[in-house]
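The values are calculated or read from the model by the stated rules, or taken from the named source; none is laboratory data. The shown structure was predicted, so the numbers you read here are calculated from the model rather than taken from an experiment. Please note: Cβ atoms are built from the backbone with ideal geometry, for glycine as well, and neighbour counts cover all protein chains shown. Ligands, DNA and RNA are stripped out before the accessible areas are found, and what is left, the full protein with its side chains, is counted by its heavy atoms. Shrake-Rupley method; radii C 1.70, N 1.55, O 1.52, S 1.80 Å.
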Amino acid sequence: ASFVGRYGADLGLLVTDRTLARIAEVNKVTGTHSLIGVTNGEQIRKRASPTVKTFSFGTQVEIRDRVVERVRAGSEWPRQLVVTGVAGVGKSAVLRMIAWRLGRDYLANPNQNPLPLFIPLQQVTVEKVTEEIYSWEMLWQWWTHWAQSLYPGLNDVASGWLEERFRTTGTTVILDGLDDFLVNHPLIGLSSIVTILRDAINRYASNPRFSIIVGIRSGVHGLQRLATDPKDIYEVLRLSVYQAEQVFPACRRWLPCVTDHGLLDLVLTPLILSNYEPEVNGEIDPRSLSQSSIMDQTIRTILRRSGLIGIRTRDGQFAEIDHLILALTLIAWLFFYRHRGEIDTEVLREEVRAVHEQWQRFFRDQRPTAEAQDITAGFRLVEEASICNAILQRTVFVSTGSNRVRFTHRNWQEFLLAQYFVLCLKCGHVEDFGITAFNSHIYRMAGESFQDTTLTEDRIRAVLESWRKSRNTYITGNVIAFLAWTRTAIDPRAIQLLLNELGNFEALSRVVLIAGLGYRV
């Protein structure tokens, strides 16, 4: 009774208890059974090289242990640490297990150990936020709301309790997925986050047991500013070929076929190695491999394992794997165009109905084709509650609360967005291009997905007609940027159509178009 009574006196115990349960649930959904560590000296000798200048790098286990040790060691003032690495190496898994280790220690002895407060920034969605009003307080307003919705019984969480902890008690704030947060909130830049965190460190300078751990991709320029000391940057290394073959023995059959160094950077991560299964039994042709083809095959492997192929819809149709991929591409678009970190499942289905009707209206004005029937059949899967829930539970999503989900990793979302871009461009239904700009990573994967397809005169004419009706610069801008970032074949007459309109484009579009065509020449 006295042990249980402690929970009534220390709200932090209840927060930690529920946080650990949440971490266990996410680990189960994402298949994170244990972190990857070094098993022998040969693995240490054959490890990959770091991608940023840092004093500390290693496997998932090594980085977890070093960060936990650093937090426990204490210092004369608050500190700010960074956990980084390329996409897919398992930064989020490491940060969750740092929170797990610290949380377990806190439950055992709350007086001697810091309280871990975990915030998955990749699912934070702040409506109508501007760079000027975003602040430390807004972040914790979101956390309080999230905690109350996710953990029933935490209605007593108040800003006063948090502020007191920050000022006087050992507390470790863990911010996972900062790069995703910046993508979802384009009005907020890294400099703003650096300023916010520095202000927090200064505000709680009298509490040397206060610390912040930030998770961010190593490709983000300026991430070093997030650490108070260069020694507090920790990089989770991608696996070497030798380590990959030791940890994931199944990859020995196909990994030698991946000869391109850029593709190896993508492949040698747990995200891909744990899911990629080539359909062919023989040797893979290295020339056919691309980032898009690898991601496509990985998604297909996940779908084959999900048990969703062949599921029957209300109208008696059976869902094939391509229908399911179309359903996923539509969901990815609904996340992206409103810069969402998470989405309510009811809102998702409502918006799917609206987009589906928009595509049906478009197809009614075209000649009926089998491809159009497949597209609408794929989109329709998301409208059915039972099938939609099965897709969200068994593929590349994780629950973030009651009836809310997010992508388990941004790589899945970007690949699926590339497929949606290709779909719109091939069909000539380019109105959605006018909503927002895509990015170079998406353009590149979209270009790889075009394979032997050519941008014809009719496709460019459809883009220009849509642009003339709306005068929306994004419509032409997205296509021009796509041409500049890819080697997708384009018909000479299509190029002439673009050049004929050159004087009517805005200045930036003109520059990108001329530079892109010049690069192709």
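Some notes on this structure:
- Restricted to the range 394-413, and to residues there that are out of contact with any strand residue (DSSP E or B) (no Cβ under 8 Å at 6 or more places or on another chain) and either open to solvent by less than 20 Å² (accessible area, probe 1.4 Å) or not hydroxyl-bearing (Ser, Thr, Tyr) (or both), the residue that is nearest to Gly310 (Cα to Cα) is Arg394.
- The condition (being more than 30 Å from Ile272 (Cβ to Cβ), out of contact with any Gly (no Cβ under 8 Å at 6 or more places or on another chain) and open to solvent by less than 50 Å² (accessible area, probe 1.4 Å)) is satisfied by just one residue among Ile442, Ile480, Ile460: Ile460.
Listed here are the residues, each with its yes/no results for (1) in a helix (DSSP H, G or I); (2) at pLDDT below 95; (3) not β-branched (Val, Ile, Thr).
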{"site": "Gly341", "(1), (2), (3)": "no, yes, yes"}
{"site": "Glu351", "(1), (2), (3)": "yes, no, yes"}
{"site": "Arg361", "(1), (2), (3)": "yes, yes, yes"}
{"site": "Gln366", "(1), (2), (3)": "no, yes, yes"}
{"site": "Leu381", "(1), (2), (3)": "yes, no, yes"}
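- Condition broken by Leu308, with the remaining ones in (1) at pLDDT 90 or above; (2) not acidic (Asp, Glu); (3) not in a loop (DSSP other than H, G, I, E, B) satisfied: (3)
- Test: Thr400 is modelled with pLDDT under 95 and in contact with a Pro (Cβ under 9 Å, 6 or more places away or on another chain): yes
- Counting only residues that are over 23 Å from the mean Cα position of the chain (by Cα), open to solvent by less than 20 Å² (accessible area, probe 1.4 Å) and either over 25 Å from Gly222 (Cα atoms) or at pLDDT 95 or above (or both), the range 40-66 holds 1 of them.
- All positions within the range 89-130 that are closer than 20 Å to Val26 by Cα and in a loop (DSSP other than H, G, I, E, B): Val89, Gly90, Val124, Thr125
- Restricting the range 12-39 to residues that are touching a strand residue (DSSP E or B) at 6+ places or on another chain (Cβ under 9 Å) and open to solvent by 60 Å² or more (accessible area, probe 1.4 Å) leaves a set whose member that is nearest to Leu239 (Cα to Cα) is Val29.
- Selection status of Ile233, of a type in the set (A, V, I, L, M, F, W, C), in contact with a strand residue (DSSP E or B) (Cβ under 6 Å, 6 or more places away or on another chain) and at pLDDT 90 or above: yes
- Test set (1) assigned to a helix (DSSP H, G or I); (2) open to solvent by less than 40 Å² (accessible area, probe 1.4 Å); (3) over 30 Å from Ala489 (Cβ atoms) - Ile375 fails condition number: (3)
- Helices (runs of 4 or more DSSP H) (entirely within the range 153-237) containing at least 2 residues that are among the basic types (Lys, Arg): 159-168, 190-203
- Selected residue (criterion: farthest from the chain's Cα centre (by Cα)) from residues of the range 192-222 that are surrounded by fewer than 20 Cβ atoms within 10 Å (Cβ to Cβ) and β-branched (Val, Ile, Thr): Ile201
- Filtered residues of the range 425-465 (kept if of a type in the set (S, T, N, Q) and over 16 Å from Gln413 (Cβ atoms)): Gln451, Thr453, Thr454, Thr456
- Pairs linking a residue in the range 243-271 that is without any contact (Cβ under 8 Å) to a residue 12 or more places away in the chain to a residue that is open to solvent by 70 Å² or more (accessible area, probe 1.4 Å), with Cβ atoms under 6 Å and 6 or more positions apart or on different chains, are Glu245/Arg252.
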